[in-house]
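The values are calculated or read from the model by the stated rules, or taken from the named source; none is laboratory data. Everything numeric in this text was worked out from a predicted model, so none of it was measured. Glycine also receives a Cβ, built like all others from the backbone with ideal geometry; neighbour counts cover every protein chain displayed. The area values use the complete protein model at the heavy-atom level, side chains included, leaving out ligands, DNA and RNA. Shrake-Rupley method; radii C 1.70, N 1.55, O 1.52, S 1.80 Å.
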Amino acid sequence: IAAQIRWTQHVENALLVASGGGMGEGATVATIDEDGPQTLAEVNSNVDEVLTSLADTVLQYQPPILRKKLEDMITEMVHQRDVTRELDTKGVGTTSAF
């Protein structure tokens, strides 16, 4: 769950930066994280780095329970990568665009 929250915060931050800090109509207050990813491409790069690290780890011997957790995490990270790419490709630029 922590990885999903982190990714969601990074995507929201990138969209806030892209929209100039505005969140759109009816949205709650949020601030731009200057230290976080500033574009969807940067978010995607971060996801790719984590995915590569997890893939390298799962190729080594792991106890069965840990291997299953790593496989589940890889599945989640692939989903995050695909969604981030789609948002970037479609030019989504605000948190209220969908």
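Per the helix-only calculation at 222 nm, which mean residue ellipticity applies to the chain, given -39500 (n - 2.57) for every DSSP H run of n ≥ 4 and division by its residues, nearest 500 deg cm²/dmol?
Helix contribution divided over all residues of the chain: -22000 deg cm²/dmol.
Provide the per-residue ³J(HN,Hα) series for the range 43-60, in order, calculated from phi with Karplus coefficients 6.51, -1.76, 1.60 and θ = phi - 60°, each as a whole number of Hz, with x at glycine and proline positions.
Per residue, the Karplus-derived 3J(HN,Hα) values read 4, 4, 4, 4, 4, 4, 4, 5, 4, 4, 4, 5, 5, 5, 5, 6, 6, 8 Hz.
Report the gain in length on full extension from GLU49 to GLU86: 0.36 nm times residue separation, minus Cα-Cα distance, nm rounded to one decimal.
Once the chain is fully extended between GLU49 and GLU86, it gains 11.5 nm.
Measure off, as a whole percent, the carbon and sulfur share of the 1.4 Å-probe accessible area of the chain, all protein chains present.
Carbon and sulfur atoms account for 56 percent of the accessible area of the chain.
Using only the alpha-carbon atoms, how far is helix 2-18 inclined from the longest principal axis of the chain? Give it as 0 to 90 degrees, nearest 10.
30
How far apart, in nm, are two points set 7 Å out from the Cα along the Cα-to-Cβ line at ILE5 and at SER96?
The modelled label-to-label distance comes out at 2.7 nm.
Using the Cα centre of the chain as the reference point, and only Cβ charges (+1 on K/R, -1 on D/E), how large is the resulting charge dipole? Debye, rounded to the nearest 20.
Dipole about the Cα centre, nearest 20: 320 debye.
Tell me the per residue accessible area of the chain using a 1.4 Å probe; a whole number in Å² is fine.
On a per-residue basis, the chain sits at 65 Å².
With a point put 7 Å past each Cα toward its Cβ, work out how far THR39 is from VAL58 in nm, to one decimal.
So the label points at THR39 and VAL58 sit 2.9 nm apart.
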